Each structure stands twice: as structure tokens, then as C-alpha cells.
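Undergrad: What follows is a single structure, and I will ask about it in a moment.
The values are calculated or read from the model by the stated rules, or taken from the named source; none is laboratory data. Computed from a prediction, not measured in an experiment: that's the story for all the values here. Cβ placement follows ideal geometry from the backbone for every residue including glycine, while neighbour counts extend to all protein chains displayed.
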């Protein structure tokens, strides 16, 4: 009887980590801040307004959903992790500054309510909410948007891009002719003189955020690097081993932000290491192939497609339990 | 088994076995044609006409058609009326005819019509079969019109072609939007139905309790 006072019984997990969902999501928010800051420098205060509206509507729609389902206000506040902030930030960063102010509101609300909350909240969504929100905006308000705006800062190399097209549009031959981007690779890397979305243009900022996440231990930086390099190499292969395509193809469009922040979402990636290598490898092939075939920026669509295959990958590639051996076939 | 009369047929066709929202039949025209409310009405009324006429003929011939060849016979009857509808629409409403396009001849193999012929008209008398055709068709028309109005309102800011505001969400005119709208309406329909059923159950239970109390009261007085 006395022993039960000395011995402490508790069920697993026994090792507790400070890495709660809240902490991880807050860190992802911090990692996205450099992109946001560069976006504001490049595109002005309209960028800040769009991102703020996007984040706010994402959080508010989560609160409204929980309120409708009958939760009390203090309960909602208590369970709030910053995941809807991350979703809102990503949606805000992947739209251009000439989008109307209602676009991120609808995108965020759709992403949070339909993709996340209807499937059961954080950790239960089968696809990344931010990806779906971006695609929703892309499909819905395409008629309103004709071109991306170019930033306030001129390019280093002194050359200018045609105002109507992004660098990627020319590279993919959107108008039937494959035009090599007029900008130097440094311009593509820094986003100077490059028209595009708020958070996508400056790759340096994205890399700073990704390195921060890797240092904190949230992101395994190998996975997105596999994705980016496979995508670049496959583009080279498709263009007849012309290595001039390698850097422009990985430095333009939404590949970087997609690879480092959207594809690596914990919920929508496979569970084991080998499965993750396979996942990101196929993702790279799919992105490069679809880009070449459709002459469009398809990073978000490729990630969406691969998100849907995660349950299948997980079904066939799983962690071998310790001490497990294959049962021998019964001889008959 | 439920007693068949016009009232139960009407409730069945419109609500409890609404072909679109409850049985999920005829999904192909539902998803493809609900981009505009007027298309929904046109398609729904065409199907209603074919349903009434085919149910009438199938019910009349139900003792003549041998059981082994009933499906080809039904298809033949349906195809006759679909041809009539196509010719009439082509002559008098060419714009609707071109909007419905391929889905008009496809009414021949529409599973709502085949299902009603197979499961109702070939077993019931002529009057009931016609009523069933009418109400099932109206249920289909109602579903298509509501969905079409919803999608038209969101995708072009208009309803029945009347522009209300200048705001568009093109998502709802795409096929993904069609599936999304369909799911929303099925959920809404089931929810409303379950609420109504619950209310009815509570009411029935209250009446039952009342009856029991009365009978108990009567019983005790008799015992005294």
C-alpha cells in the first residue's frame, strides 16, 4: 500500500518537450516576418494592408466557426494556436499588391473554414489550407487581375523587365515563345526589379526565415532543398541539358516560398524519413514537368496534388517497429 | 408498408426522396448545368415533362411489357419523349436548346427517369404514376433552380440574368465550385430535414405521454 505513494504511475508520453503546437506556429510566423518586411519595402504599405487583412480574416473566421459550433469565448482563446495566423500570413504573402482587398478575406475564410475546420481543426486537415486559399483566390479573381505589379526598387543590373509579364512567364514561354529573363540571377534572388507576389519576390528573405526555422529545429532543411534542386535539374533535363536554365527556374515564381513554407507543413507531409525523400523528389519532378507542360506557375497545384497522395505514401512506407521481423510464410 | 396516395407521393417526390438532394440521382446534369438559374429551370422542366409522359406510358403498358425486356422498352419510351422535347425546344427556345446542349439527349439515360419507371410506374396505377412523375420532376427542378441561383449569384452577381451587383467569385462557375455547392446544399437539406424530424418526434412523444397519463387516470378511477 505504501509503495503506491512512492511509485509514480503515469501513462506515456513521459518525455515532455517545450515544442508545443503554439510554439512551433509562433516560430513559423517569426520566420515569415523577413519576407513580409521585404514585401513592404518593395511594394509599399498596400502590401502590409493586404497581409494584415488576410491574417485578421483567417483568425476571425476560425473564431466564428468555433463560436457557431458552441464553444465559449474563453475556451476558444485557450485553444487558439497560431496556425491560422500562419495560414493567413502565407495567403497574404502569395498574392500580388494589385489584388482587391476582398480577395484575401475570401481566400482566408475559405481556407480556414472549409479546408481546416470542417476536417477537424489543426492537425487534421488533409491538404494545406494556405495552398487551397491561394488557389481559391487565383481561380476566383483571375478576371480582375491581369498582371503583377513591379516593385519600387529598380534592378541591380540596370535592365528592366516587361511590365506585363513576370520573369517566369517568359521563361515558361507563356506567349508561345520562350524568352530568357532579362534580369540577372542576382536580381531574381533579391527580387529587385522583379514583378510578382508580395512575399515571393525576395528569395533572400525566404532563405533567412528557413535558416531560422532550421536552427530552431522545426524544419528539416534537407527536404525543401531536395525539392528545389530536383525541380531545377528536371527543368534542365527537359530543356535539353542546358544548365543556363537551372538558376532562373529555381529562382523565379513561387517555388522558394512553396518549398520552404508550404510543402513542409507537418500535417501534410509523410511520417518517415524515406517517405519524405520520395515525397519531395516526386514533388520536384511534378512541379518542373507541369510548369513545362502548362506554361503556368503550378507550384501550388503541384503541392496540392502531392498533399493528397500523402495517405497513400504513409500506407506503404511506415516505420519498422523495434524488434519487428517479417513473419515467415507458412509452408503448406 | 406505406399507403400510397397523392399526398405521400408529393411529400416523397419533393422532400423525403428528393432525387437530387436525397437520392443523389442525375448528378451529371446537376453539376454541369447549374451555372445559371435559367438553365436549371429549363432542364428541370424538360425532365419533368419526360417523366410524366414516360411514367404514363410505362404504367399503361406495365402488364403488356414482358419482364425480361422491360429496360429496353422503358428506354424506347423515354427516348420517344426526349425526341419530342428536343424538337420543341429547338424550334421555340433555341437559346435554351444550345445552353443545355449535350445534356438534353442524355435525358434518355437519366437515372431519375429510369428509376421512377422501374420502381414506381411499373407497379402502380396510371394516376399515381403521373403524380409521381410530376412531383419527382418538380423536386428535381427545385433542386436545380436553387443551386443554379446560388452559383449564378456568386459567380456573376446576377440572378435569372438580372444583375444585382458587380462582384464575382469565378470559383463558383468552375466545376470544383459545382461540387462544393452540391455538397453544401445536400448538407443543408439533410440538416433542415433532421431538425423537422426531431420536432415531430418531440411532439409525438408529448402526445404519447399525454395519452398514457389519461389512460392511467382512467385505469385508476375504474379500479376505485
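Undergrad: Examine segment A:289-300 for a residue that is in a loop (DSSP other than H, G, I, E, B), in contact with a helix residue (DSSP H, G or I) (Cβ under 7 Å, 6 or more places away or on another chain) and without any contact (Cβ under 8 Å) to a residue 24 or more places away in the chain, and state whether such a residue exists.
TA: Pass one, segment A:289-300, residues in a loop (DSSP other than H, G, I, E, B): A:295-298.
Then keep just the ones that are in contact with a helix residue (DSSP H, G or I) (Cβ under 7 Å, 6 or more places away or on another chain); that gives A:297-298.
Checking the rest, the ones that are also without any contact (Cβ under 8 Å) to a residue 24 or more places away in the chain come to A:298.
Checking segment A:289-300: at least one residue is in a loop (DSSP other than H, G, I, E, B), in contact with a helix residue (DSSP H, G or I) (Cβ under 7 Å, 6 or more places away or on another chain) and without any contact (Cβ under 8 Å) to a residue 24 or more places away in the chain.
Undergrad: On the basis of being modelled with pLDDT of 85 or more, outside any loop (DSSP other than H, G, I, E, B) and either over 22 Å from residue A:207 (Cβ atoms) or more than 17 Å from the chain's Cα centre (by Cα) (or both), does residue A:247 make the cut?
TA: Values: modelled with pLDDT of 85 or more: no; outside any loop (DSSP other than H, G, I, E, B): yes; either over 22 Å from residue A:207 (Cβ atoms) or more than 17 Å from the chain's Cα centre (by Cα) (or both): yes.
In short, no.
Undergrad: When you go through (1) over 16 Å from the mean Cα position of the chain (by Cα); (2) away from chain B (no Cβ under 14 Å); (3) under 21 Å from residue A:206 (Cβ atoms) one by one for residue A:77, which number turns out not to apply?
TA: All conditions pass for residue A:77, except number (3).
Results for (1) modelled with pLDDT under 90; (2) closer than 28 Å to residue A:184 by Cα, shown as yes or no for each residue.
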site: A:235; (1), (2): yes, yes
site: A:238; (1), (2): yes, yes
site: A:254; (1), (2): yes, yes
site: A:259; (1), (2): no, yes
site: A:265; (1), (2): yes, no
site: A:271; (1), (2): yes, no
site: A:283; (1), (2): no, yes
site: A:292; (1), (2): yes, yes
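Undergrad: For residue A:104, all conditions in the list (1) in a helix (DSSP H, G or I); (2) surrounded by fewer than 20 Cβ atoms within 10 Å (Cβ to Cβ) hold save one; what is the number of the exception?
TA: In the conditions (1) in a helix (DSSP H, G or I); (2) surrounded by fewer than 20 Cβ atoms within 10 Å (Cβ to Cβ), residue A:104 misses (2) alone.
Undergrad: What single numbered condition from (1) within 14 Å of chain A (Cβ to nearest Cβ); (2) within 20 Å of residue B:42 (Cβ to Cβ); (3) free of Cβ contacts under 8 Å to residues at least 12 places away in the same chain fails to hold for residue B:180?
TA: (2)
Undergrad: Report whether or not residue B:46 is surrounded by 14 or more Cβ atoms within 10 Å (Cβ to Cβ), touching a strand residue (DSSP E or B) at 6+ places or on another chain (Cβ under 7 Å) and in contact (Cβ under 8 Å) with a residue 60 or more places away in the chain. Walk me through how you get there before you give the answer.
TA: Numbers: surrounded by 14 or more Cβ atoms within 10 Å (Cβ to Cβ): yes; touching a strand residue (DSSP E or B) at 6+ places or on another chain (Cβ under 7 Å): no; in contact (Cβ under 8 Å) with a residue 60 or more places away in the chain: yes.
So residue B:46 fails the test.
Undergrad: Continuing with this model, one more query. In segment A:115-134, how many residues are within 12 Å of chain B (Cβ to nearest Cβ) and within 24 Å of residue A:197 (Cα to Cα)?
TA: Of all residues in segment A:115-134, those within 12 Å of chain B (Cβ to nearest Cβ) come to A:115, A:118, A:132-133.
Still in the running and within 24 Å of residue A:197 (Cα to Cα): A:115, A:132-133.
Summing the residues that are within 12 Å of chain B (Cβ to nearest Cβ) and within 24 Å of residue A:197 (Cα to Cα) in segment A:115-134 gives 3.
Undergrad: With respect to residue B:190, determine if the residue is under 19 Å from residue B:146 (Cβ atoms), surrounded by 12 or more Cβ atoms within 10 Å (Cβ to Cβ) and modelled with pLDDT of 85 or more. Can you show your working first?
TA: Details: under 19 Å from residue B:146 (Cβ atoms): yes; surrounded by 12 or more Cβ atoms within 10 Å (Cβ to Cβ): yes; modelled with pLDDT of 85 or more: yes.
Taking the combined requirement at face value, the residue satisfies it.
Undergrad: Given the structure, is residue A:87 at pLDDT below 90 and surrounded by 22 or more Cβ atoms within 10 Å (Cβ to Cβ)? Please lay out each step first, then the result.
TA: On the way: at pLDDT below 90: no; surrounded by 22 or more Cβ atoms within 10 Å (Cβ to Cβ): yes.
In short, no.
Undergrad: Of (1) within 12 Å of chain B (Cβ to nearest Cβ); (2) within 24 Å of residue A:48 (Cβ to Cβ); (3) more than 14 Å from the chain's Cα centre (by Cα), residue A:108 satisfies all except one. Which?
TA: Exception for residue A:108: condition (1).
Undergrad: Scan B:130, B:147 and give me the residue that is at pLDDT 90 or above, assigned to a helix (DSSP H, G or I) and closer than 14 Å to residue B:56 by Cα.
TA: Working: B:147 fails: closer than 14 Å to residue B:56 by Cα.
Matching residue, one of B:130, B:147: B:130.
Undergrad: If we scan segment A:65-75, do we find a residue that is surrounded by fewer than 13 Cβ atoms within 10 Å (Cβ to Cβ), over 25 Å from residue B:167 (Cβ atoms) and in contact (Cβ under 8 Å) with a residue 12 or more places away in the chain?
TA: Within segment A:65-75, not a single residue is surrounded by fewer than 13 Cβ atoms within 10 Å (Cβ to Cβ), over 25 Å from residue B:167 (Cβ atoms) and in contact (Cβ under 8 Å) with a residue 12 or more places away in the chain.
Undergrad: For residue A:139, state whether it is within 18 Å of residue A:40 (Cα to Cα), in a helix (DSSP H, G or I) and either over 15 Å from the mean Cα position of the chain (by Cα) or more than 11 Å from chain B (Cβ to nearest Cβ) (or both). I'd like the intermediate steps shown before the answer.
TA: Numbers: within 18 Å of residue A:40 (Cα to Cα): no; in a helix (DSSP H, G or I): yes; either over 15 Å from the mean Cα position of the chain (by Cα) or more than 11 Å from chain B (Cβ to nearest Cβ) (or both): yes.
No; evaluated as a whole, the condition is false for this residue.
Undergrad: Additional query: Just to be sure, is residue B:202 away from chain A (no Cβ under 12 Å), in a helix (DSSP H, G or I) and without any contact (Cβ under 8 Å) to a residue 60 or more places away in the chain?
TA: Numbers: away from chain A (no Cβ under 12 Å): yes; in a helix (DSSP H, G or I): yes; without any contact (Cβ under 8 Å) to a residue 60 or more places away in the chain: yes.
Spelling it out, residue B:202 is indeed away from chain A (no Cβ under 12 Å), in a helix (DSSP H, G or I) and without any contact (Cβ under 8 Å) to a residue 60 or more places away in the chain.
Undergrad: Would you confirm whether or not segment B:133-145 contains a residue that is over 30 Å from residue B:62 (Cα atoms) and within 14 Å of chain A (Cβ to nearest Cβ)?
TA: no
Undergrad: Let me ask something else. Just wondering, is there one or more residues in segment B:154-173 that are within 14 Å of chain A (Cβ to nearest Cβ), within 23 Å of the chain's Cα centre (by Cα) and closer than 30 Å to residue B:38 by Cβ?
TA: Within segment B:154-173, the subset within 14 Å of chain A (Cβ to nearest Cβ) is B:154-157, B:165-173.
Okay, now just the ones that are also within 23 Å of the chain's Cα centre (by Cα), so B:172-173.
Now narrow it down to the ones that are closer than 30 Å to residue B:38 by Cβ: B:172-173.
Looking for residues that are within 14 Å of chain A (Cβ to nearest Cβ), within 23 Å of the chain's Cα centre (by Cα) and closer than 30 Å to residue B:38 by Cβ, one finds at least one in segment B:154-173, hence yes.
Undergrad: Just wondering, is there one or more residues in segment B:23-37 that are over 20 Å from residue B:183 (Cα atoms) and buried (at least 22 other Cβ atoms within 10 Å of the Cβ)? Before the answer, list the steps.
TA: Quick first cut of segment B:23-37, residues over 20 Å from residue B:183 (Cα atoms) only: none.
Within segment B:23-37 (the criterion being over 20 Å from residue B:183 (Cα atoms) and buried (at least 22 other Cβ atoms within 10 Å of the Cβ)), the answer is no, since none of the residues qualifies.
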